[in-house]
Amino acid sequence: MLRQKMWKWHRVIGYVIGLQVLLWTSGGVVMSWFDIETVRGEHNITVQEPHTLPSAEMLLPISQVLSENVTSVKLGYLLDEPVYNVVYDDESNAIFSATTGEALTPLGQDMATVIAMADFAKVDFTSEAAPETKLIEQNNNEYRGAVPVWQVSMHDDEGTIIYISPTEARVVGRRNNVWRLYDFFWMLHIMDYENRTDFNNILVQIASFIALLFTITGGYLIYFRLVSKKRKRR
C-alpha cells in the first residue's frame, strides 16, 4: 500500500534528517536570542565627537599626494588628525597626514593599539587590562577579511578582540564571546564547516531537499489519517 510505503520513507528520512533539523532549530533560537549589535560588538563602540574640518589654509594641497594611479582622495580624520585617504587604481589605499603629507600607513603596532583603544568604550585601561596587539597574516575562524591585519585583544570579560587594517587605519572587525557562540551555531545552521560563509553549499542543499521530502511524506500521512477518520464516521 502507498500509505505503508510513505510511512516507511517518512521514518527513514526522519532518522536521516532529524539531527540536522534539530541543529537548524537550535541555531535559529540562538541567532534570534541576541541583538545583532551585541553580536557585532557595536554596543561597546565609543561615541565619537564630530570633527570640524580645518580651513583650506591649514591643509596640504591635494596635489602633494596625487600620482597617475590615484583614483580618489577623501579628506577625513584619523583620531584627531586630518588625513587624506588615497585610493589607487589597483584598489589599494594609503593614509597621509593632510597637514604634513607624511605617510601614516601601513600602521605600526602602537598606532593600531591606540586606534583600538579609542574605538572601545568599555575598559578603563590599566597595566592589568592592557591590550595585547599582534599582526595576523593568515585568516582564522574569527577573521576572514583582508590580511595582514592587526589583532588587538582587549582582555575584558566579553573576550573582545578588535581587528585594525594596517592600510586603511580603521576597525575592520569586532569579535566577542557572543559573536563566537553565534558564529558556531551559524556554522551548524548553514552547514559550512570550513569557511562558515557559504549558504548555498552542497550539504545544505541536500539536507534541505531531504527535509522537504520529510515534510511531503508527513503531510501525506496526515491527509490519509484525516480521510480515514471521515470514512469511519460514515
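None of the figures in this text is laboratory data; all of them are computed from the coordinates on show. Remember, it's a predicted structure, so these values are computed and weren't measured experimentally. Glycine gets a Cβ as well: all are built from the backbone with ideal geometry, and neighbour counts include every protein chain shown.
Worth a mention:
- Extending 7 Å from the Cα toward the beta-carbon at both D90 and L212 defines two label points whose distance is 4.6 nm.
- Between E57 and T25, the contour length at 0.36 nm per residue exceeds the Cα-Cα span by 5.5 nm.
- The range 11-113: GluC sites (Glu not before Pro) in DSSP coil with no more than 15 other Cβ atoms inside 10 Å: E68, E91, E102
- 3J(HN,Hα) along the range 148-154: x, 8, 7, 9, 10, 8, 8 Hz, from the Karplus curve 6.51 cos²θ - 1.76 cosθ + 1.60 with θ = phi - 60°, whole Hz, x for Gly and Pro.
- Compared with the dominant Cα axis of the chain, that is its longest principal axis, helix 109-119 is turned about 60°.
- Projected-area average for the chain over all orientations - Cα convex hull basis, square nanometres: 20.4 nm²
- The residues L213, L79, when put in order of fewest to most other Cβ atoms within 10 Å, stand as L79, L213.
- Neighbour-count ranking [beta-carbon atoms within 10 angstrom, fewest first] of M31, M154: M31, M154
- Rounded FRET efficiency, nearest 0.05, which uses the C-beta distance separating L79 from L181 and R0 of 45 Å: 0.90
- Label-to-label distance, nm, for residues given as E142 and T100 (7 Å Cα→Cβ offset): 3.3 nm
- Charging the Cβ of each Asp and Glu at -1 and of each Lys and Arg at +1, and nothing else, the dipole of the chain about its Cα centre rounds to 3820 debye.
- Charge dipole magnitude, Cβ of K and R +1, D and E -1 - the range 49-174, Cα centre, debye nearest 20: 200 debye
- Cα-only Debye scattering, the range 49-174: base-10 log of I(q)/I(0) at q = 0.16, 0.17, 0.19 Å⁻¹: -0.84, -0.92, -1.06
- 5 angstrom amide H check on Y77, placed H, neighbours 5+ away: V83
- At most 12 other Cβ within 10 Å, DSSP loop - chymotrypsin sites (Phe, Trp or Tyr not before Pro), the range 168-213: Y193, F199
- Dipole axis of the range 49-174 (+1 Lys, Arg; -1 Asp, Glu on Cβ), positive-most option in A94, L66, W150: L66
- Approximate spin-label separation D157-E68, in nm, with each point projected 7 Å along Cα-to-Cβ: 6.0 nm
- 3J(HN,Hα) along the range 198-213, derived from phi through the Karplus expression 6.51 cos²θ - 1.76 cosθ + 1.60 where θ = phi - 60°, amounts to 8, 7, 10, 6, 5, 5, 5, 5, 5, 5, 5, 5, 5, 4, 5, 4 Hz, with x in place of Gly and Pro.
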